[in-house]
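Since the structure comes first, as structure tokens, the remarks are kept for the end.
The values are calculated or read from the model by the stated rules, or taken from the named source; none is laboratory data. From a predicted model like this one, the values you see are computed outputs, not experimental measurements. Don't worry about glycine lacking a Cβ; one is built from the backbone with ideal geometry, like all the others, and counts go over all protein chains shown.
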Amino acid sequence: MPERGQAVTVNVSPPISGVLRLQHSVAAVPVARHQIRHELAVAGLTESVLDDVEVVVAELLGNSVRHAAPVAGGLVLLAWRVADDDVVLRVTDGGGGREIRPRHAAPMSDCGRGLQIVERLARVWGVSEHAGGLRSVWAALSLVEPSRALRLVT
């Protein structure tokens, strides 16, 4: 398996994409992490990219179920697309009425770091507002550049 920063050949012709329709619940987060990791592993993404994808999915979905309303049917949508040199992740919910931006968390705080983590792992991320009050938070992770991953060093 290639090391971080090495070129990776991914089977992206045609582009790999998918959508999961999940219950707007914290219980959906591990289900989504497992499913997307499986889908993208089959596509040939490296372990390090898969690790980063799982973290970003957990943060975006966690924020959605804690701070936003569901879409119709009590759902939240997780979409992904692998094309060119990126994997783009998108979580769509019913919006929460608040601006989405990274917060500064106190050193001992047990929350408030999710978007800082996404910002650190993603090449770029953002928010898209849609008709009907729907909102998507998305992140693009590079398949070929080393991430600025948060790794435990012992």
- Item | Residue among 65, 76 that is at pLDDT 95 or above, hydrophobic (A, V, I, L, M, F, W, C) and over 11 Å from the mean Cα position of the chain (by Cα) | 76
- Per the filter on region 23-56, residues in contact with a Leu (Cβ under 8 Å, 6 or more places away or on another chain), among the aliphatic types (A, V, I, L, M) and not in a helix (DSSP H, G or I) are 45
- Message: Restricting to region 80-97, and then to whatever is in contact with a Ser or Thr (Cβ under 9 Å, 6 or more places away or on another chain) and surrounded by fewer than 17 Cβ atoms within 10 Å (Cβ to Cβ), can you tell me which residue is modelled with the lowest pLDDT?
- Response: 96
- Note on the structure: For region 62-76 the number of residues that are surrounded by fewer than 18 Cβ atoms within 10 Å (Cβ to Cβ), touching a residue at least 40 places away in the same chain (Cβ under 8 Å) and under 17 Å from residue 138 (Cβ atoms) is 1
- Message: Condition (residue is outside any strand (DSSP E or B), at pLDDT below 70 and at positive phi) applied to region 116-134: is it met by at least one residue?
- Response: no
- Query: Are any residues in region 54-77 more than 22 Å from residue 134 (Cα to Cα) and either in contact with a Phe, Trp or Tyr (Cβ under 8 Å, 6 or more places away or on another chain) or charged (D, E, K, R) (or both), and if so, which ones?
  - Reply: 54
